[in-house]
Amino acid sequence: MELWYTENHSKDVQFSMKVDRQLYSGKSHFQRIDVLETPEFGRVLTLDGFIMVTEKDEFIYHDMIVHVPMAVNPDIRRVLLIGAGDGGAVRELVRYPGIEQIDMVEIDQMVVDVCKSYLPKVASGFGDPRLHLHFEDGLRYVRFQENRYDLIIVDSTDPFGPGEGLFTKEFYGNCYKALTEKGILVNQHESPFYAQDAQAMQRAHSRIRAFFPVSRVYQAHIPTYPSGHWLFGFASKGLDPVKDLQAQRWNSLGLYTRYYNTELHQGAFALPTYVKELLEQVQREG
Ligand code: SAM
């Protein structure tokens, strides 16, 4: 008998992958956690029945959420990482010798423990001495931070369940306050393609714009996320993600990245017309 994993990508669309075996299934205080072994995507982590990472395509997401801001300001020293329990963003951040401190605020310790056991290639950065793990709600944590971080990365679940608070006005306002003068906020920004995701993306953009003078959106192709077309938000107090790109300095670091490069960086901010229209609609209304 064949085993298949199926996820709803919209009310009328499903995405399926063949499964060799289920490696882990458990329930934390916050969510259901599963790890599957699949022939095409390797090991796959799902939370509440939604794919978070797969061994095959996680490099795309983690390259884009970490290296884009780091190439705009290679002098980033203090980083706040919210969510990110699989460890992929940490793995990329600890490659920068200039980073002095990473505070990671993950609501669910069980996600970190499961990923350390079942996704060791993704979770390989957790032993770095610059990393400080805080197991609490990111929404609450940022309330008490001021002028402290050069970079905040919001690597969260979708805007429902425990991740809901990380898409609110209160959260974005507190992120602004927590950032230094050259601070950058990057977040996973949902997909523009299916109606429900597009609405979540527009809502997030509208709320971020209300606080940050620079608020841009960039894209990547992530095969296992709904529609495969995924967006990230780049917001800052002044730095422009394209004009201020430090391509030469970033390239001189000699970091090998399988997806990210500095030409792609510039292209990622060139959006399809329908996505520009969705964002312009928010800008007109806001
Ligand atoms: N790459 C993934 C994606 O977009 O599908 C996200 C990966 S990561 C596993 C998301 C993490 O955010 C989860 O481990 C979850 O526990 C955490 N999370 C959700 N809500 C949170 C909150 N309010 N504060 C801190 N972490 C939160």
Can you pull out the residues in the stretch 95-143 that are closer than 28 Å to Lys56 by Cα, surrounded by fewer than 19 Cβ atoms within 10 Å (Cβ to Cβ) and either away from the ligand (no atom under 14 Å from the Cβ) or of a type in the set (S, T, N, Q) (or both)? Arg95, Pro97, Gln109, Ser117, Pro120, Lys121, Ser124, Gly127, Asp128, Pro129, Arg130, His132
Filtering the stretch 164-193 down to residues that are open to solvent by 50 Å² or more (accessible area, probe 1.4 Å) and outside any helix (DSSP H, G or I), which residue is farthest from Leu139 (Cα to Cα)? Phe193
Determine, yes or no, whether Lys56 is open to solvent by 60 Å² or more (accessible area, probe 1.4 Å), within 28 Å of Ala198 (Cβ to Cβ) and more than 15 Å from the ligand (Cβ to nearest atom). no
Run Glu146 past the list (1) open to solvent by less than 10 Å² (accessible area, probe 1.4 Å); (2) of a type outside the set (Lys, Arg); (3) within 25 Å of Leu239 (Cβ to Cβ); (4) free of Cβ contacts under 8 Å to residues at least 40 places away in the same chain and report the number of the one that doesn't hold. (1)
Determine if the stretch 11-23 includes at least one residue that is touching a residue at least 24 places away in the same chain (Cβ under 8 Å), within 16 Å of the ligand (Cβ to nearest atom) and within 30 Å of Cys175 (Cα to Cα). no
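Name the residues in the stretch 1-33 that are of a type in the set (D, E, K, R) and out of contact with any helix residue (DSSP H, G or I) (no Cβ under 9 Å at 6 or more places or on another chain), would you? Steps first, please.
If we filter the stretch 1-33 for residues that are of a type in the set (D, E, K, R), which is where we start, we get 2, 7, 11-12, 18, 20-21, 27, 32.
If the condition is that a residue be of a type in the set (D, E, K, R) and out of contact with any helix residue (DSSP H, G or I) (no Cβ under 9 Å at 6 or more places or on another chain), then Glu2, Glu7, Asp12, Lys18, Asp20, Arg21, Arg32 are the ones that fit.
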Using the structure shown, decide if Val44 is open to solvent by less than 10 Å² (accessible area, probe 1.4 Å) and over 22 Å from Leu131 (Cβ atoms). yes
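Mind checking which helices (runs of 4 or more DSSP H) fall wholly inside the stretch 195-286 and carry at least 1 residues that are among the β-branched types (Val, Ile, Thr) and open to solvent by less than 80 Å² (accessible area, probe 1.4 Å)? Step through it out loud before you land on a result.
Working: elements: 195-209, 247-252, 262-268, 273-285.
The helices (runs of 4 or more DSSP H) meeting that bar are 195-209, 262-268, 273-285.
For the condition out of contact with any Phe, Trp or Tyr (no Cβ under 9 Å at 6 or more places or on another chain) and touching a residue at least 24 places away in the same chain (Cβ under 8 Å), what is the one hit in Leu279, Leu264, Leu271?
On the way: Leu264 fails: touching a residue at least 24 places away in the same chain (Cβ under 8 Å); Leu271 fails: out of contact with any Phe, Trp or Tyr (no Cβ under 9 Å at 6 or more places or on another chain).
Just a single option satisfies the conditions, and that option is Leu279.
The values are calculated or read from the model by the stated rules, or taken from the named source; none is laboratory data. Worth saying up front: this structure is predicted, and the values here are computed from it rather than measured. Glycine gets a Cβ as well: all are built from the backbone with ideal geometry, and neighbour counts include every protein chain shown. For accessibility, only protein heavy atoms count, side chains too; no ligands or nucleic acids. Shrake-Rupley method; radii C 1.70, N 1.55, O 1.52, S 1.80 Å.
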